[in-house]
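Working notes for the structure below.
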Amino acid sequence: MDENYQKTCQLEMKGEGCREFERRNSSKTWLDLIQYMIGLNAKFKRIDIAVDDYEGKYVSLQWIFEEHYTSVFRTFPLPIGPINEIQTIQFGTHHSNKMIVIYDKRKEQMNKKHFCEKAYWVQYEMRFRNEVATAIIKKLLSTYIDVSIPIYGLNIKQYAYELLYGILDIKVDNHFNKSNQNKADSDSLWKSFLNHVPKVPLPKIEKKPIKPFAEYEKIATPYASAYLLYKFVEVNEDTYLFQIELLKTIRDNLPFSKFRLKRLNVYLKELNLAPVDNNKLEQLKVNLSHKIEEKILLYSQLNQIKKKE
């Protein structure tokens, strides 16, 4: 999106697209592409980072599902496939800004009739969206700012392991309840699978600063003007009916969302006015309804007088 919130274009690179980028740009790194996209004022809506297990030496899908764990997800893991032959475990949902899908990649490739030379292949695919995706991108940039370090080397692999450990930790067998699993130690098999990397939390999401009112007004005015003109024409340029329609629009969009209420109070503060809360907005909604009823009644009376005349 550009500064006026108009759509520009979208670039999506799936697995094969990523491999094609690597093949065509042997002298470039992912850092180069990311910096190029940032130069275009791009918004990163999603990034997937995968850890591939080609051995099954330490852990398996069934083992992961049966063990105790802690994670950054509120929902329970969802197994897909027969319980005695799990093919996929999903942590998180498609509506959240982070999730993990752990699945039998070899079987998936074979089901698609693709040749797969791997005898074993389980993929831990971490999917990050919106603000979390942006935070991950910035972390990647800060990690690989030294371009002398090969981006396809052990450093990016370690970061992927640290990321996985930070959002999913498989615990040793224990008697703690669900809320106290963090007191248990990590299972040695899980730590071995992750190459004994340290546990690193997800990067913090930077809160977007609210635009000052003057800047917001500059962006919003063209859209508001078009809407107001539409309403004015709709009521046949009747200024009284126009006022009623405007009051209805304000009333019907109360109360505000949490973010809009926060933005409103920032603007009120700029004007040295008292802040409002949801209770105040509910009272304003009631008051607006009364004013609308009064204006409608008065408008009806004025029309009756005109008819008599």
| query | Restricting the first residue to segment 70-95 and requiring it to be among the hydroxyl-bearing types (S, T, Y), which pairs with a second residue that is part of a strand (DSSP E or B) and open to solvent by 60 Å² or more (accessible area, probe 1.4 Å) meet a Cβ separation below 6 Å and a spacing of at least six or different chains? | reply | T88/I80
| said: Suppose the filter is without any contact (Cβ under 8 Å) to a residue 40 or more places away in the chain, outside any helix (DSSP H, G or I) and closer than 30 Å to Q6 by Cβ; does P255 pass it? | reply: yes
| said: Consider segment 212-222. How many of its residues are open to solvent by less than 70 Å² (accessible area, probe 1.4 Å) and either of a type outside the set (S, T, Y) or part of a loop (DSSP other than H, G, I, E, B) (or both)? | reply: 3
| task | Taking Y230 as the residue in question, decide whether it is hydroxyl-bearing (S, T, Y) and either touching an Asp or Glu at 6+ places or on another chain (Cβ under 6 Å) or farther than 28 Å from V266 by Cβ (or both). | result | yes
| message | Regarding segment 24-46, can at least one residue be identified that is touching a residue at least 60 places away in the same chain (Cβ under 8 Å), of a type in the set (D, E, K, R), in a strand (DSSP E or B) and open to solvent by 90 Å² or more (accessible area, probe 1.4 Å)? | response | yes
| note | Restricting segment 283-309 to residues that are among the β-branched types (V, I, T) and farther than 13 Å from E245 by Cα, the one least open to solvent (accessible area, probe 1.4 Å) turns out to be V286
| query | Of the conditions (1) outside any helix (DSSP H, G or I); (2) touching a residue at least 60 places away in the same chain (Cβ under 8 Å), V200 fails just one. Which one is it? | reply | (2)
| query | In the list I151, I156, I170, which residue meets the criterion of being in contact with a Leu (Cβ under 9 Å, 6 or more places away or on another chain), modelled with pLDDT of 90 or more and either more than 30 Å from E125 (Cα to Cα) or among the β-branched types (V, I, T) (or both)? | reply | I170
| request: Pairs only if they're at least six apart or on different chains, beta carbon under 8 angstrom, first in segment 214-226 and under 13 Å from R263 (Cα atoms) and among the hydroxyl-bearing types (S, T, Y), second in a helix (DSSP H, G or I) and open to solvent by less than 60 Å² (accessible area, probe 1.4 Å); list them, first residue then second. | output: Y216/R263; Y216/Y267
| Complete set of residues in segment 78-127 that are over 21 Å from Y58 (Cβ atoms), exposed (fewer than 15 other Cβ atoms within 10 Å of the Cβ) and among the hydrophobic types (A, V, I, L, M, F, W, C) | L78, I80, I83, M110, F115, C116
| message | Given the criterion buried (at least 16 other Cβ atoms within 10 Å of the Cβ) and within 21 Å of I102 (Cα to Cα), identify the matching residue among L241, L163. | response | L163
| task | Determine, yes or no, whether S257 is among the small types (G, A, S) and either surrounded by 12 or more Cβ atoms within 10 Å (Cβ to Cβ) or touching a Ser or Thr at 6+ places or on another chain (Cβ under 8 Å) (or both). | result | no
| remark: Taking segment 48-76 and keeping residues touching a helix residue (DSSP H, G or I) at 6+ places or on another chain (Cβ under 9 Å), open to solvent by 30 Å² or more (accessible area, probe 1.4 Å) and not in a loop (DSSP other than H, G, I, E, B) leaves D48, A50, D52, W63, T70, S71
| Name the residues in segment 179-233 that are of a type in the set (K, R) and modelled with pLDDT of 85 or more, would you? | K183, K191, K199, K218, K231
| request: Could you pull out the residue among S186, S225 that is on the phi < 0 side of the Ramachandran plot, open to solvent by less than 40 Å² (accessible area, probe 1.4 Å) and small (G, A, S)? | output: S186
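The values are calculated or read from the model by the stated rules, or taken from the named source; none is laboratory data. Everything numeric in this text was worked out from a predicted model, so none of it was measured. Quick reminder, even Gly has a Cβ in these numbers, built from the backbone with ideal geometry, and neighbours come from all protein chains shown. For the accessible areas, the whole protein counts, side chains as well, though only heavy atoms, and no ligand, DNA or RNA atoms are used. Shrake-Rupley method; radii C 1.70, N 1.55, O 1.52, S 1.80 Å.
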